[in-house]
Amino acid sequence: RLRELLYHHLEGVQPGLMFAMLVGDKSGLDADLERQFGLGGLLHVLAVSGLHVGIVLYILMFVLGKFTRFISKRNAVLISIAIIWIYAAITGFSPSVLRASFMFSVLAIAQITGRNKNSINVLFFSAFVLLLFQPLWVYDIGFQLSYLAMTGIFVLYPLVSKLIYFKNKWLTKILQGTAVGLSAQLFTVPLTLFYFHQFPNYFILTN
């Protein structure tokens, strides 16, 4: 139904692009456009991944946070996790969505139980459980890149963010966002070069 709506209201490459961004189905995507996204370091936008799940989770937590009189923080997290898994079901439980949903669920639960003092441990625990379920995912490029990116964010970003402070809060937020992308990219560059033989020169701007 979503595909029908997109192709009815949009034209050209837009419906295929939007469908890929929303549910991770790239079957209707123009090959040249996909190549351009790859050169720009934005292929993760076209496959529902940790980026998408993280954005959905952030929006849900932000909205539910406005109703603290009626919903406790614990219940807000649990509701958000439930909606994330519904979203995962809509996308067909693809490996990338399954990884991201489980990883963020573990991180969110760790946060509300006060066990997120070591995010790396929480991250690797989620990887361990997923590999128990499907050991061959260790050879999956998406699995390797997503966990390397998250490791980069948890290891490098806290160090870099301490150096970023300006009186203008919006400038600070922009630079912090750039630092997140840079932290993830630095850890994934070796595999990107190995698998795709190209370096996304514009990744700082595009991300």
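List of remarks:
- Charge dipole magnitude, Cβ of K and R +1, D and E -1 - the chain, Cα centre, debye nearest 20: 1140 debye
- Rough spin-label spacing in nm, given labels placed 7 Å along Cα→Cβ, for Tyr7 and Glu34: 1.7 nm
- Amide H partners (placed H, <5 Å) of Val48, local residues excluded: Gly24
- Using a Förster distance of 41 Å, the FRET efficiency for Phe125-Met21 (Cβ separation, nearest 0.05): 0.90
- For segment 1-160: rounded, prolate or oblate by the Cα gyration tensor [a/c cutoff 1.5]: oblate
- Residues in segment 131-138 carry Karplus couplings, in order, of 6, 5, 6, 9, x, 6, 5, 4 Hz; the curve used is 6.51 cos²θ - 1.76 cosθ + 1.60 with θ = phi - 60°, and Gly or Pro positions show x.
- Tensor-based shape of segment 1-51 (alpha-carbon gyration tensor, a/c under 1.5 rounded, otherwise prolate or oblate): oblate
- In nm, spacing of pseudo-spin labels at Phe133 and Leu78 (7 Å Cα→C-beta vector): 2.1 nm
- Averaging the Cα positions of each part gives two centres, and for segment 12-60 and segment 80-131 these lie 20 Å apart.
- With the biggest extent put first, the Cα atoms of segment 116-157 measure 29, 19, 7 Å across the principal axes.
- Peptide ranges 41-49, 55-63, 131-139, 170-178 listed from the most packed, as the mean C-beta count within 10 angstrom indicates: 41-49, 55-63, 170-178, 131-139
- Length gained on full extension, Leu163 to Phe93: 21.3 nm, using 0.36 nm per residue less the C-alpha separation.
- Based on C-alpha pairs under 8 angstrom that are at least 6 apart in sequence, segment 132-207 has a relative contact order of 33 percent.
- Gyration tensor verdict on segment 138-207 (Cα atoms; rounded if a/c is under 1.5, prolate if a/b is larger than b/c, oblate otherwise): prolate
Where a number appears in this text, it was derived from the coordinates with a stated rule and is not lab data. Source: prediction; values computed, not measured. When we count neighbours, we look across all protein chains shown, and the Cβ atoms used for this are built from the backbone with ideal geometry, even at glycine.
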